[in-house]
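Inspection log for the structure reproduced underneath, given as structure tokens.
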Amino acid sequence: MENENFPANEAGQQEESVNLRQYWHVILERRWLVLTTFVSVFILCLIYLYKAPRIYEATTRLQIDRESEGLLYIKDAFAAESRELDYLQTQYKNLTSRMLINSVIAKLNLTNDDRYMGARDFSKAVANDITVAPIRLSRLVDIKVEHTDPKQAAAIANELVTKFIENNLDQKRLQSVNMVTWLRTEASTLKTNVAAADKALQLYMEKFNNVSVQENQNIVLQALKAAQEELIRCQSRAVIAQSVDEEVQSLIKNGTPITNLPQVNSDTLIKELKGKLALKESELASLLKRYKDKWQPVMQTRADIESLKNSIATSAENIVSGIAAEAKLTQAQFVVMQKMTEQLKGEQLKLGGLRIDFDALNREADLKKILESNILKSLQEMELQSNSKINNMRIVDPALVPFKPVKPRVTLTLLMGVMGGLAAGCGLAFFVNYLDDSIKTQEDVELYLRLPFLGYVPNIKTNSVIERDLQAHTHPQSNSSEGFRTIRAALSLMPDA
């Protein structure tokens, strides 16, 4: 495979060498055309360098800080909902704004400047000479101005940046004044609104005779809580008393003597009377052992015993009646307390409805007071800000008068003239060669005429026709004679010759 590819590679290299040689021959053949074109282009470059006006460039360096870097900066006073990059890009565009450039034109009287006198649009003409070049990864920006007069270039650059800084400061002052005016108007309006809200709240409280509607000061709510607690106690007492009364009546219906009821026996007075009755009965039994029934002490003891029994019976009846009365009384107290609780609940519900309106008026008054406080605070800060003359832009390096022109660039122009002249000459040579359809080489004969090549005769340099026709006879050793002999030999060797 290597042996097979080798001839192909060799043929390719040979073909490339032939092509390069052909190109070189074309250039040599058209060398005067190439040289003439090169010299013409180079002379045009020299003429341009000689006649082109000298342009000088002056540069002023400006620093643009953040809005928040001022000493008395108020947060969100001039806030714009844009990113910092947008802010910088906006300022770069403002540096070439028509209004700013017109102010510079009026200040420096550029309408009479020779460079701009023929311009239809002075602002656009001046703007074309201004270049804004931000310095990467910094807040610095170079403002470059080109002009045929170096002093005028420096003056335009410095005046442009100075006017830009003044306009920025004036705009801040105007915004501060407008903001202060607006804040003062809002403060006056809010003051009136706060007074109206407080008056409405006071009239509402006077209308419903309700000085305190807060939960910790609500008398109705406290009374309702106390009534609910007392209602529970009354209900408990009524249930207990009703149960005791029902138990007593049940025992009486079942035949239990009234004096033997547990509620009666537990009474202190009954216990005392029964104790006295037992003593009297014991005393009577002792007397009957010695005396007769008609004896006066015996009769007196019997009377005392009967009196004690009557007292016990009366006290027992009173106890039973008291139990029934207590049951009725506790039930009546429960009913009364229940009505009182329901009344307090109604008043509390009514008070809750009043409290909704009261809280709404109270919240509105508080909100207006907070707004008034914030507006007054912002007003004080804005007044301080308007009194201070802080600018976030400053000149780092003013423009100096340049000594050397930046245009035209001599070295670059000459280099471009040399390269352009060579390229134009070579291109023109190849183009003329492309248009030339005359036969010149053996390859042209074989390729275009498709005839065998017999040979060639060099140009015979002579003005005599006779000498030219007898060249082979008069000069048998010349190249021309040798060319004739080669052609004759080729003709004699042809099959059909």
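Descriptive notes on the structure:
- The 1.4 Å probe gives accessible areas that order 39, 26, largest first, as 39, 26.
- With Cα atoms as the point set, region 419-461 shows a radius of gyration and Dmax of 15.0, 43 Å.
- In terms of its alpha-carbon gyration tensor, region 97-159 comes out prolate; a/c meets the 1.5 threshold, and the first ratio a/b outweighs b/c.
- The distance between label points at residue 162 and residue 230 comes to 9.2 nm (points 7 Å beyond Cα on the Cα→Cβ vector).
- Cβ-Cβ distance of residue 406 and residue 377, R₀ of 56 Å, FRET efficiency by 1/(1 + (r/R0)^6): the value works out to about 0.55.
- Our estimate of slack between residue 338 and residue 434, defined as 0.36 nm per intervening residue step minus the Cα-Cα distance, is 22.1 nm.
- Out-of-range pairs (alpha-carbon distance over 24 Å; input 172/377; 93/124; 274/328): 274/328
- Full extension of the segment from residue 65 to residue 451, taken as 0.36 nm per residue of separation minus the current Cα-Cα distance, would add 130.5 nm.
- Computed FRET value (nearest 0.05) for residue 295 with residue 254, which takes r as the C-beta separation and R₀ as 51 Å: 0.75
- Using R0 = 56 Å, the C-beta based FRET efficiency linking residue 192 and residue 329 works out to 0.35.
- Between residue 136 and residue 84, the simple label model (points 7 Å from Cα in the Cβ direction) yields a spacing of 1.8 nm.
The values are calculated or read from the model by the stated rules, or taken from the named source; none is laboratory data. It should be emphasised that the depicted structure is a prediction, and the values quoted were computed from it without experimental measurement. All Cβ positions, even for glycine, are placed from backbone atoms using ideal geometry, and neighbour counts span all protein chains on display. Heavy atoms of the whole protein, side chains included, go into the accessibility calculation; ligands, DNA and RNA do not. Shrake-Rupley method; radii C 1.70, N 1.55, O 1.52, S 1.80 Å.
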